[in-house]
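The values are calculated or read from the model by the stated rules, or taken from the named source; none is laboratory data. Worth saying up front: this structure is predicted, and the values here are computed from it rather than measured. With ideal geometry, Cβ positions are generated from the backbone for all residues, glycine too; neighbour counts draw on all protein chains shown.
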Amino acid sequence: MKLLAIFLILLTSGLTAAEKPNVIFFSVDDMNDWINPMGYKGAKTPNLDRLAKMGVTFQNAHSPATFCAPSRSAIFTGKYATTTGCYKTQVYFHDHPEIVPMQQSFKNAGYKTFGGGKLFHHREGYADLRGWDEFFVRNEEQKKKGWPNDSWGEDTPLPKNIPVSPYNKGKKATPGLFLEWAPIPNEQEEEMADTKRVNWACSVIEKKHEKPFFVAVGIYAPHFPNYAPKKYFDMYDRSKIELPPYKEDDLADLPEKMKKQKINRKKAHHDKLVKMGLVEDAIHGYLACVSYADAMLGRVLDSLENSPNKDNTIVVIWSDHGYHHGEKGDWGKHTLWERTSNVPFIWAGPGIAKNKSVDTSVSLIDMYPTFVESCGLKQDSGLEGKSLTSVLAKPETAQDRDVFLPYLELNAFALINQNWRYIHYADGSEELYNLQKDPHEWNNVASNPEFSSIKEQLKAKAPQNQAKAGPDKSKGELKLVLNGEGFEWKINTKKNKRKKKK
Ligand SMILES: [Ca+2]
Ligand SMILES: [Ca+2]
C-alpha cells in the first residue's frame, strides 16, 4: 500500500519530496530595469550581479499587469485579468475562490509554505491567507486591520519632518507620499519594515527543514516614498546622476485620448520637477532604494549560502512592474509602454544554467507553470503562462514569443515581442513601435499602412471573450469584513442597490 502511494506520487509529480527543490520567491516593488545585470550602469546592485552570475537573467521579461494589485493577482493565480476580471483592485480570492493560488499549490505538493511582506497588494484585505503554513507580520495589531502589511507606520523609522521632498512642500505629513525621498539614519536600518521581513525570511532559510520549503518574501523598496538609510544615498554622487533619454514632443503621436491624459500628467509632475530642478534628486532617491533592496537580497543570498539548503534551492527575484522617471513625461507605472512592463527577473539554483542572459520575451505569468514543472506542483490546465524550465536549463534554446499585457479595462492591452510592441486601447485606438529601430518607443507607426499586417497579427493574439471587471474594492462594491485574525470580502449590498436604482 505504502509502495503504491509512493509510486502514485512519482507518477503524478515525477519528483519525490527529497528531490523537490526549495524555492525562495523574492519580490521587489516598482523596480524597473535600472539594475546592473540588465545593462544599466547608473545603479549599484552588487547582489543582483551576484545572483545573475549564479543563474539566468531575462532581459525582456514583462509584468502581467501595469500596477501592483493586478500584477500580483495574475502572478499568484497564473491567469491574466482578461480571465479573472482583476484589472484594477478586484480581489481574485473573492471573485474566484475556486482558483488554487500558487502558495496553496506548493502546499498541496508537500511543501512547507512561508510568506511575508508585500506579496499581494499592500492595502488591508489583500493578503490571500490560504495555503500558508506561516505568514509573517511585524506586529499582532496588523492582523486586526486585515493584514495591511504597511511599511511606514508608528513602529518603523521615518525621516524627521515629513514630507521632506521640496516637491511635496505644504502637503500633509502622511507616510506613503508620491515623489518623496529622504535618507534615514543608518542605525535605523534594522527597524525598517523591509529589513524585518527579510531578516524573518533569512531565519527560515537558514534552518534545516523536514519538507521542501517555499519562502515568499516581498519588499516595498524601491516603491515610493524613497526613504532608505543614508549609506545607500551616499553610494551615489548627485552631480553624476544621468537622466534617461527624453524626446521633447514624444506625446505628440499618441492617440488623442491618451495624448490628452498624458500631457496633463506631464504638466502635473514632470514639468513641475524640471522647473524645480528636482529630477536628479528624485532619481537619486529611487537609486538609493534600489541599492537598499539589493542589500536585502544580499542578506537572503548570504543566509542561503551558509545554510544546509545551499545546493537544493531555486531563487527567483521579480518586480511587479517597472517605473517611469520622466520618459513620455510620466513618473510612475500604469502604462502599456516598456518603462512599465520591462522588469528584473533572475533565476538561480539546481537545473538552472549559470551566468547566462536571455533576450527572448517572457512574462512573469510564466512563474507558476515553471514551478509546476520544476517543483512537481499539480498541473492546472488554466495556467496561461509557459514553463521556463527548459530555457533555464538551456538558455541557448530560448525562442521569442508574443507576450500579452492587459491594461486597466476590458479590451485594452499590449502585445510584445523582441521586435514590436503593439498597443490597443478600449476605444480602438492603437500604437505600434518598432523596437529594433526605436528602443525608446518614440515613434508610433500604428498609422503606417506598411505595418498593418503586423498590427493585425499581434492584435489577433489577444485573448478573445475577455472577462468583465469584477467588483472593485476601491469603488466600494466590495466590503472588507474583519473576523478575528482573519477577514473576508463581501459584496456591499447598499452600494450595489444604489447603483441599480440609477
Ligand atoms: Ca508595484
Ligand atoms: Ca512618440
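Here are a few things to note about the model shown:
- Taking the stretch 37-152 as the region of interest, the helices (runs of 4 or more DSSP H) fully inside it that hold 3 or more residues being touching a His at 6+ places or on another chain (Cβ under 7 Å), within 16 Å of ligand 1 (Cβ to nearest atom) and within 18 Å of residue 473 (Cα to Cα) are 68-77.
- Selected residue (criterion: nearest to ligand 2 (Cβ to nearest atom)) from residues of the stretch 418-454 that are part of a strand (DSSP E or B) and not hydroxyl-bearing (Ser, Thr, Tyr): 431
- Qualifying positions in the stretch 314-327 - surrounded by fewer than 23 Cβ atoms within 10 Å (Cβ to Cβ) and within 16 Å of ligand 2 (Cβ to nearest atom): 324, 326
- Of the residues contained in the stretch 47-68, one or more are found to be under 26 Å from residue 142 (Cα atoms) and either out of contact with any Phe, Trp or Tyr (no Cβ under 7 Å at 6 or more places or on another chain) or within 16 Å of ligand 2 (Cβ to nearest atom) (or both).
- Qualifying residue in the stretch 255-276 (condition: of a type in the set (Gly, Ala, Ser), modelled with pLDDT of 95 or more and more than 16 Å from residue 334 (Cβ to Cβ)): no
- Cross-chain or 6+ apart pairs with Cβ under 8 Å, the stretch 105-117 first and touching a residue at least 60 places away in the same chain (Cβ under 8 Å), then among the hydroxyl-bearing types (Ser, Thr, Tyr) and assigned to a helix (DSSP H, G or I): 105/368; 109/13
- Among (1) over 21 Å from residue 343 (Cα atoms); (2) in contact with a strand residue (DSSP E or B) (Cβ under 9 Å, 6 or more places away or on another chain), the one test that residue 397 misses: (2)
- When each of 359, 380, 311 is tested for being part of a helix (DSSP H, G or I), surrounded by fewer than 19 Cβ atoms within 10 Å (Cβ to Cβ) and away from ligand 2 (no atom under 16 Å from the Cβ), the lone residue that passes is 311.
- Answer from 300, 290, 217 - the residue that is closer than 27 Å to residue 370 by Cβ, within 16 Å of ligand 1 (Cβ to nearest atom), in a helix (DSSP H, G or I) and in contact (Cβ under 8 Å) with a residue 12 or more places away in the chain: 290
- Test: residue in the stretch 172-182 that is touching a His at 6+ places or on another chain (Cβ under 7 Å) and modelled with pLDDT under 95: no
- Residue 492 vs. criteria farther than 30 Å from residue 39 by Cβ, more than 16 Å from ligand 1 (Cβ to nearest atom) and exposed (fewer than 12 other Cβ atoms within 10 Å of the Cβ): no
- Selection from the stretch 455-466 of residues that are surrounded by 13 or more Cβ atoms within 10 Å (Cβ to Cβ) and outside any loop (DSSP other than H, G, I, E, B): 455, 457, 458, 459
- Residue under evaluation residue 361, criteria (1) touching a strand residue (DSSP E or B) at 6+ places or on another chain (Cβ under 8 Å); (2) within 30 Å of residue 272 (Cα to Cα), criterion not met: (2)
- Pick from the stretch 224-245, criterion within 15 Å of residue 42 (Cβ to Cβ) and of a type in the set (Ser, Thr, Tyr), ranking: nearest to ligand 1 (Cβ to nearest atom): 232
- Selection status of residue 258, touching a residue at least 24 places away in the same chain (Cβ under 8 Å), out of contact with any helix residue (DSSP H, G or I) (no Cβ under 8 Å at 6 or more places or on another chain) and either closer than 26 Å to residue 353 by Cβ or surrounded by 14 or more Cβ atoms within 10 Å (Cβ to Cβ) (or both): yes
- Apart from one condition, residue 298 fits all of (1) surrounded by fewer than 22 Cβ atoms within 10 Å (Cβ to Cβ); (2) within 25 Å of the chain's Cα centre (by Cα); (3) within 16 Å of ligand 2 (Cβ to nearest atom); the exception is (3).
- Failed criterion for residue 384 (all others in (1) in contact with a Leu (Cβ under 9 Å, 6 or more places away or on another chain); (2) within 25 Å of residue 455 (Cβ to Cβ); (3) more than 16 Å from ligand 1 (Cβ to nearest atom) hold): (1)
- Residue that is touching a helix residue (DSSP H, G or I) at 6+ places or on another chain (Cβ under 7 Å), more than 16 Å from ligand 2 (Cβ to nearest atom) and closer than 30 Å to residue 313 by Cβ, where the choices are 373, 396: 373
- Residue within the stretch 172-188 that is more than 22 Å from residue 290 (Cα to Cα), among the hydrophobic types (A, V, I, L, M, F, W, C), surrounded by fewer than 20 Cβ atoms within 10 Å (Cβ to Cβ) and out of contact with any helix residue (DSSP H, G or I) (no Cβ under 6 Å at 6 or more places or on another chain) present: yes
- Close pairs from the stretch 464-475: first of a type in the set (Asp, Glu), partner in a loop (DSSP other than H, G, I, E, B), Cβ under 9 Å, at least 6 apart: 472/87; 472/88; 472/89; 472/90
- Taking the stretch 153-200 as the range and being part of a helix (DSSP H, G or I) and touching an Asp or Glu at 6+ places or on another chain (Cβ under 7 Å) as the test, the residues that pass are 168, 195.
- Scan the stretch 456-481 for residues that are in contact with a Phe, Trp or Tyr (Cβ under 6 Å, 6 or more places away or on another chain) and either closer than 30 Å to residue 249 by Cβ or of a type in the set (Phe, Trp, Tyr) (or both) and the total you get is 2.
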